[in-house]
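The block underneath contains the structure these notes are about, expressed in structure tokens.
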Amino acid sequence: MRTFFSKLPTFLGTAAIVSCAGSAALAQGPSYWGSSQTATPIKHLVVIYDENVSFDHYFATYPGATNPSGEPSFRAQRGTPEVNNLANAGLLTHNPNFTNPLNGTNAANPFRLDRTQAATADQNHGYTAEQQAYDGGKADLFPLYTGTATAGGVGAFGTKGQVMGYYDGNTVTALWNYAQHFAMSDDAYTDTYGPSTPGALEAVSGQTNGVDLVVTSSSSYYIQDGAGGLNLISDVDPAYDVCSSTTNTVQMLGRNVGDLLNAKGISWGGFMGGFDLGITNSNGTTGCARTTTSAVTGVTENDYIQHHNWFQYFKSTSNPTHARPASVWSVGRTYDPNGQVDPANHEYDVDDFYAAVRAGNFPAVSFLKAPAYQDGHAGYSDPLDEQAWITKVINFLQRQPQWRDTAVIIAWDDSDGWYDHAFAKTTSRSFDYPADQLNGPGVCGKGTQPLGLAGKPVNGRCGPGTRIPFFVISPWARSNYVSHAYISQASITRFIEDNWLHGQRLGGGAFDATTGSIMGMFDFSGRPNPPLFLDEQTGEPIHNQQGWW
Amino acid sequence: MLLGALLLAAAGFVVFSPVPLGTWMSGPRDALWLALGENPHPVKLMVPADTPLSAVALLGVRLFHDPSLSGSGRMSCASCHDPTLAYGPAGSLPVVMGGLHVTTPGFRSVPSLRYLYRQPAFTIGPDVENGNDVVVPLTQQAQAATGHARVLKTALTPQAAATNLVPQGGLFWDGRADTLEQQVNGPLYNPAEMDGGTLQEVARKLATGPYAAQLQQLFGAGLLQNPGMTVDEAMFAIGRYQIEDQSFHPFTSKYDAWLEGKARLTRMELAGYLLFNDPAKGNCAACHLDQPGRDGTPPLFTDHQFEALGAPRNPAIPANRDPNYYDLGICGPYRIDMRASTQYCAMFLTPTLRNVALRRVFFHNGVFRSLEQVLDFYVDRDIHPELFYPRDAAGRVMKYNDIPPQYRANVDTVDAPFDRHPGDQPALTPGEIQDVIAFLDTLTDGYTKSR
């Protein structure tokens, strides 16, 4: 009884502050562990960084779903804004990828992928192949250049011109429901063309310049940048990570947003599925060989994929031995409770995120990557496993007391080469032959290239690249809102800098300085959004669960 | 007196049980359970959920049983993949008649369609992709595999050989299809099988037949204007039926019940199980994996790897009348992308042993007609080759007569029981062969009604 009453003043005080927060545009929120002064009411950013999806691949007909019987159905709310997709652009038929004879027998119009076709082949999403597919902006040579790479699982669907396939709300039901209740962008791009590792680096450093080759036997993943350095254009493993390749690894020489957060003592972490090598999975696998078999694709994949690990590429923010944090209380912190440098150095397993948040230690900034079978990457993963992951994380977060001050970003590291019709004018040029092919052999864009780390123009950063989906899910996100303002993966770093770091920028030619802001996807005045709990299997809304303690 | 009698009885029980004495010494509890016919470590098997079929799978059911897609109008998938025989062949002909008038003989025996839902794609070595976005071409994989030492395959530690850089996965005897959708195309167009004609003809049948409305509803109004995609979607529906329907992975065999602690093996079955797993005897489990995963994933009785066992040439296959014709599996003639990889000639995919007792033709060329014949071959191929291969004019045994001489070095002669020489003791006695067959009989689905 005594403890209840002694807690009562704090509770009432907190409730009073929280109820006033809505009216203050720049709130100094309640003092939670790990918080600090912020430009917005957002005290906790969670970035769910998924794999390999283009905007049209998931939203080609949004908000219109086919709704065959037996599949989760979707019906749009009134007032759903129009998005720039295939349906609204009139590109579902007579699509240039069908009419351009250069696509040969693979020429195809866009077509609906059914929910039973969640497992598909992977597409080709190389730096050069994507430029060729975009064909100077005409986006009409996808079947020719980004056609199928791997077969996928035994039950996967494949067809000529498969790169033109898209899902609708009967498959990506959760994302369509999030779009109805929160904010998304139809003008978000990868900062450059190319696959996962460049995409990961853009999200945290806005930069693929400054490659340090630690071990190398191939030159396929980088080019000479023309200013005496190297620029990354493809996947390669992070150096010194005990799970990495022994023949090809790199480190990046620039800075990342984690460095900036460390300098200000702000809590943050990179949380990767499969990172804790001491865990033994239920199938008996452990260490770097922890695997899970997807029930949807039937493919067995390593949980931890090292070339997706954003901060592992930088000496200052890496945890090459996958050392464990001293305790759940040191998660997100440079120092453990005894003032010793915490061995985990801000790099953890996804399980550590759940444990820390449950314990009340919710870092200010968190980057999350699913165990691979749930990351959405075609071939070994799929939209249904991805949906289960996303809804699990967001359902979990919405139950936390800190949800009031939390924003979730869902973004993707590359498009997988899936067809998307939209093209962003090239503002980051590059003139490497043969890597660049957007406007012709050795040509991407017109004008001078962006500056690199050394302050000189560099090649290898041809962009903006491919259009990806991008969500902001928060009580403070605009509701049923579509932003048409240009943003990119580097906008994630920009938001962190604007919210926690007074608009500090990384410098060295990083794209955080030139990309768009996601602030327009928030509205900090007015009533906050209610939470939206979605079923992990169907993506459909389940009974709202009230209360946050 | 009574104590003495009991002790004698117990000793007799131990000595005369099929369980080896060594097991009694090292694990008496396990040995006792085994001797009683029970699984000492029952598990809950993780089997695919039994959910209602999707609309796509229901379309697949109809297509699977529809003979109108064949050139003769008389052959459907079910004609050769008999649903009452584990979707395997009925009859004892090594190859089935097909073609326009159902009079053209085929080239290989019909595989079962059961238990393919976890089949990996064709690769050289395991897990080549490993989440990588870069595709490694098969020729490059084969190149990387040359010169690599191969771990011997033993039933004691079967997982050790899983990392061998050897061909594995895929569908058909030669692994040339990676997905069930791709696999359907094989029989559909094969002039010796369903002989469906051209893609346009098949597409026309689909567009004008009873499936048109449903195809459009599921895959878009414009689908039927695209013949290639129309056929792909239909093939996918057939593959989807095989993924979703329990009849393709029922796990209702006696062995599955035994794994779950719900059945007792007879003395013969138990003896066969022990021989199956004994590296010094049958060593069968080295390739035909029979242990469930730690998490209850049921065993599929194959490691999905390829083997060249040098089965005798089958004169009952009409194509074999041409002495220059050789079926070499991975390196051809039906698989065309690995022709240069002659180190894999005469290698064929290790099939599941589930429901093997329902078959009357075994191996890719159906040269064996009973499980006894198969096991005799395994045991005596190298000790008494004259029992299996014909003699030439000079009286020499034509061992490996179904493989051109330059590829005979590909035959497995190192993994037991294929490591014998003339004069050696056979791995199994005739009585032990019968025990193994009794065990193989427990792998037939239908022992329990359903899960």
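Numbers below:
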read-out: Number of the exception - A:Ala424 against (1) closer than 15 Å to A:Leu45 by Cα; (2) away from every other protein chain (no Cβ under 14 Å); (3) touching a Phe, Trp or Tyr at 6+ places or on another chain (Cβ under 6 Å); value: (1)
read-out: Residue that is farthest from A:Val299 (Cα to Cα), among those in the stretch B:173-183 that are within 12 Å of chain A (Cβ to nearest Cβ) and hydrophobic (A, V, I, L, M, F, W, C); value: B:Ala177
read-out: Residue check, A:Leu175 more than 10 Å from chain B (Cβ to nearest Cβ) and under 25 Å from A:Lys425 (Cβ atoms); value: no
read-out: In the stretch A:60-97, the residues that are of a type in the set (Gly, Ala, Ser) and either within 14 Å of chain B (Cβ to nearest Cβ) or surrounded by fewer than 15 Cβ atoms within 10 Å (Cβ to Cβ) (or both); value: A:Ala60, A:Gly64, A:Ala65, A:Ser69, A:Gly70, A:Ser73, A:Gly79, A:Ala87, A:Ala89, A:Gly90
read-out: Pairs, first of a type in the set (D, E, K, R) in the stretch B:421-435, second part of a helix (DSSP H, G or I), C-beta under 7 Å, six or more apart; value: B:Glu432/B:Leu275; B:Asp435/B:Met268; B:Asp435/B:Ala271; B:Asp435/B:Gly272; B:Asp435/B:Leu275
read-out: Hits in the stretch A:105-123 - residues which are of a type outside the set (Gly, Ala, Ser), facing another protein chain (nearest Cβ under 8 Å) and over 19 Å from B:Val56 (Cβ atoms); value: A:Thr105, A:Asn109, A:Asp122
read-out: Evaluation of A:Glu497 against (1) more than 17 Å from the chain's Cα centre (by Cα); (2) part of a loop (DSSP other than H, G, I, E, B); (3) of a type outside the set (Gly, Ala, Ser) (one fails), failing number; value: (2)
read-out: Residue in the stretch A:468-475 that is out of contact with any strand residue (DSSP E or B) (no Cβ under 8 Å at 6 or more places or on another chain) and at pLDDT 95 or above present; value: no
read-out: Checklist (1) within 14 Å of chain B (Cβ to nearest Cβ); (2) crowded, with 17+ Cβ neighbours inside 10 Å; (3) without any contact (Cβ under 8 Å) to a residue 60 or more places away in the chain applied to A:Leu277, failing item; value: (1)
read-out: Which numbered condition A:Ser219 fails, given (1) in a loop (DSSP other than H, G, I, E, B); (2) within 14 Å of chain B (Cβ to nearest Cβ); (3) of a type in the set (Ser, Thr, Tyr); (4) within 30 Å of A:Ile394 (Cα to Cα); value: (4)
read-out: Residues satisfying the stated conditions in the stretch B:245-258, i.e. buried (at least 24 other Cβ atoms within 10 Å of the Cβ) and in contact with a helix residue (DSSP H, G or I) (Cβ under 7 Å, 6 or more places away or on another chain); value: none
read-out: Cβ pairs under 6 Å, 6+ apart, first in the stretch A:119-147 and of a type in the set (Val, Ile, Thr), second assigned to a loop (DSSP other than H, G, I, E, B); value: A:Thr120/A:Gly152; A:Thr120/A:Ala156; A:Thr128/A:Ala435; A:Thr128/A:Gln437; A:Thr146/A:Asn124; A:Thr146/A:Gly417
read-out: Members of the stretch A:246-269 found to be in contact with a Ser or Thr (Cβ under 9 Å, 6 or more places away or on another chain) and assigned to a loop (DSSP other than H, G, I, E, B), listed by number; value: A:Thr247, A:Asn248, A:Gly254, A:Arg255, A:Asn256, A:Lys264, A:Gly265, A:Ile266, A:Ser267
read-out: Residue in the stretch B:80-102 that is in a helix (DSSP H, G or I), buried (at least 19 other Cβ atoms within 10 Å of the Cβ), in contact (Cβ under 8 Å) with a residue 24 or more places away in the chain and more than 14 Å from chain A (Cβ to nearest Cβ) present; value: yes
read-out: Candidates A:Gly104, A:Gly64, filtered to the one that is outside any loop (DSSP other than H, G, I, E, B) and more than 22 Å from A:Ala388 (Cβ to Cβ); value: A:Gly104
read-out: Selection status of A:Gly376, closer than 21 Å to A:Trp389 by Cβ and either within 14 Å of chain B (Cβ to nearest Cβ) or in a loop (DSSP other than H, G, I, E, B) (or both); value: yes
read-out: Any hit, the stretch B:208-227, residues being at positive phi, out of contact with any helix residue (DSSP H, G or I) (no Cβ under 8 Å at 6 or more places or on another chain) and free of Cβ contacts under 8 Å to residues at least 60 places away in the same chain; value: yes
read-out: Flag if A:Leu102 is surrounded by fewer than 22 Cβ atoms within 10 Å (Cβ to Cβ), aliphatic (A, V, I, L, M) and either over 22 Å from B:Ala237 (Cβ atoms) or in contact (Cβ under 8 Å) with a residue 12 or more places away in the chain (or both); value: yes
read-out: Residue satisfying all of: in the stretch A:419-471; of a type in the set (Asp, Glu) and in contact with an Asp or Glu (Cβ under 9 Å, 6 or more places away or on another chain); farthest from A:Ile233 (Cα to Cα) among these; value: A:Asp420
read-out: Some residue of the stretch B:146-163 being in contact with a helix residue (DSSP H, G or I) (Cβ under 9 Å, 6 or more places away or on another chain), in contact (Cβ under 8 Å) with a residue 60 or more places away in the chain and over 26 Å from B:Ala346 (Cα atoms); value: yes
read-out: Filter pass, B:Val47 being in contact with a Lys or Arg (Cβ under 7 Å, 6 or more places away or on another chain) and either within 14 Å of chain A (Cβ to nearest Cβ) or closer than 30 Å to A:Ser282 by Cα (or both); value: yes
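For every residue, the table says whether it meets (1) under 30 Å from A:Ala435 (Cβ atoms); (2) not in a loop (DSSP other than H, G, I, E, B).
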residue: A:Gly153; (1), (2): no, no
residue: A:Lys160; (1), (2): yes, no
residue: A:Asp168; (1), (2): no, no
residue: A:Ala174; (1), (2): no, yes
residue: A:Thr192; (1), (2): yes, no
residue: A:Thr197; (1), (2): yes, yes
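The rows are residues; the columns are (1) surrounded by fewer than 16 Cβ atoms within 10 Å (Cβ to Cβ); (2) within 14 Å of chain B (Cβ to nearest Cβ); (3) β-branched (Val, Ile, Thr).
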{"position": "A:Asn309", "(1), (2), (3)": "no, yes, no"}
{"position": "A:Ser318", "(1), (2), (3)": "no, no, no"}
{"position": "A:Pro337", "(1), (2), (3)": "yes, no, no"}
{"position": "A:Asp342", "(1), (2), (3)": "no, no, no"}
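Every residue, every condition in (1) in a loop (DSSP other than H, G, I, E, B); (2) within 18 Å of the chain's Cα centre (by Cα); (3) more than 14 Å from every other protein chain (Cβ to nearest Cβ), yes or no:
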residue	(1), (2), (3)
B:Lys262	yes, no, yes
B:Met268	no, no, yes
B:Ala271	no, no, yes
B:His288	yes, yes, yes
B:Pro292	yes, yes, no
B:Phe301	yes, yes, yes
B:Asn314	yes, no, yes
B:Asn320	no, no, yes
B:Pro323	yes, no, yes
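The values are calculated or read from the model by the stated rules, or taken from the named source; none is laboratory data. Remember, predicted model here, so these are calculated numbers, not experimental data. Here the Cβ is made from the backbone with ideal geometry for all residues, glycine too, and neighbour counts use every protein chain on show.
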